[in-house]
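Since the structure comes first, as structure tokens, the remarks are kept for the end.
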Amino acid sequence: MTHAYDEVYLSSAKTNLAVMFDYAVNDCGYDIDWFAELFIKSGKAKQFERGNPAVITGMSGVELAKSIIEQIYKENADVPASQPMEKSAEYWAGWALADFQWYSAYPFRDIFEKVKMNEIVDMYPIFHEMDIHRFYDVMAERMDSIQLETKLKRIREARGLSQSALSKESGVQLRSIQMYEQRNNDIDKAQANTLYKLSLALGCSIEDLLERPNT
């Protein structure tokens, strides 16, 4: 599997995500699942999973959290960061999540649809002293347990289009669209022209349609 960024940056990425969630919850008072949603909405999650140096190493976790708050709420985040003697469960959850995301290449959005951040926090008493691969195995099982809707279906429905309407708009055969949405065909292996037509009709990027854009 090809990872979005070199492993040499993984330690910094894990620390930043850990501090981000710890600061957002324990200093700023945000619900951790709500802040995870802000992480997605701000676009920082996508930048993080793509390995944008400005996000994974160019700022601290506190700065990352503040940038999300300021972007979403259009106000300065001036809550001072505490320096606890021990790492919190939220810190561990962010740290472990960053590790799993890097190894698995699942987008954060897909992870949060299967496993909420508060559920990862609840894993802390059991897994924080174990090898991280035990946590990874549990997360992988959870991700495989229920099949997510394909991105193609999610975007199509968000645009208010039926499969037939998308077929007419894009010029892609209806059966092909059905096969991609049912995962009988892998959209990541679709011809470039097919992906282009679908993205044009849906008003999104080709990458938005790919299930594993970083692999």
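The values are calculated or read from the model by the stated rules, or taken from the named source; none is laboratory data. Keep in mind it's a predicted model, so treat the numbers as computed, not measured. Reconstructed Cβ throughout: ideal geometry from the backbone, glycine too, with neighbour counts over all protein chains shown. Quick note on the areas: whole protein, heavy atoms, side chains included, nothing else; ligands and nucleic acids left out. Shrake-Rupley method; radii C 1.70, N 1.55, O 1.52, S 1.80 Å.
Values as computed for the structure displayed
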{"read-out": "Loop-exposed GluC sites (Glu not before Pro) per DSSP, neighbour cap 16 Cβ within 10 angstrom, longest uninterrupted part of the chain", "value": "1-74"}
{"read-out": "Given the chain, longest segment not containing exposed loop trypsin sites (Lys or Arg not before Pro) (DSSP; at most 15 other Cβ within 10 Å)", "value": "1-49"}
{"read-out": "Probe 1.4 Å, accessible area per residue of the range 73-123, Å²", "value": "51 Å²"}
{"read-out": "Residue of P84, P125, P53 that the Gaussian network model of the chain assigns the largest fluctuation, springs spanning Cα pairs under 10 Å", "value": "P84"}
{"read-out": "For the chain, calculated [θ]222 nm from helices alone, where every DSSP H run of n ≥ 4 adds -39500 (n - 2.57)", "value": "-17000 deg cm²/dmol"}
{"read-out": "Of K74/K114; K74/K116; K151/K189, pairs whose Cα-Cα distance is over 19 Å", "value": "K74/K114; K74/K116"}
{"read-out": "Relative contact order %, the range 39-154, counting alpha carbon pairs below 8 Å whose residues are six or more apart", "value": "24 percent"}
{"read-out": "Accessible surface of the chain, 1.4 Å probe, proportion on carbon and sulfur as whole %", "value": "47 percent"}
{"read-out": "Top positive-direction residue, dipole computed over the chain with Cβ charges, set Y73, G160, H3", "value": "G160"}
{"read-out": "Two-decimal log10 I(q)/I(0) for the range 47-87, as the Debye equation yields it once each C-alpha is a single scatterer, q = 0.18, 0.28 Å⁻¹", "value": "-0.62, -0.97"}
{"read-out": "Sequence-separation-based contact order of the range 8-69, relative, with Cα cut under 8 Å and 6+ spacing, percent", "value": "51 percent"}
{"read-out": "Of [x] 16.7, 48; [y] 18.8, 61; [z] 18.7, 57, the label for Rg and Dmax of the Cα atoms in Å derived from the coordinates", "value": "[y]"}
{"read-out": "Inverse of mean 1/r across different Cα pairs in the range 103-215, Kirkwood, Å", "value": "15.7 Å"}
{"read-out": "Top positive-direction residue, dipole computed over the chain with Cβ charges, set I32, G203, Y91", "value": "G203"}
{"read-out": "Relative contact order computed over the chain (Cα-Cα under 8 Å; 6+ residues apart), in percent", "value": "23 percent"}
{"read-out": "Theoretical FRET efficiency, 1/(1+(r/R0)^6), r = Cβ-Cβ of R175 and K114, R0 30 Å, to 0.05", "value": "0.55"}
{"read-out": "Charge dipole magnitude, Cβ of K and R +1, D and E -1 - the chain, Cα centre, debye nearest 20", "value": "1120 debye"}
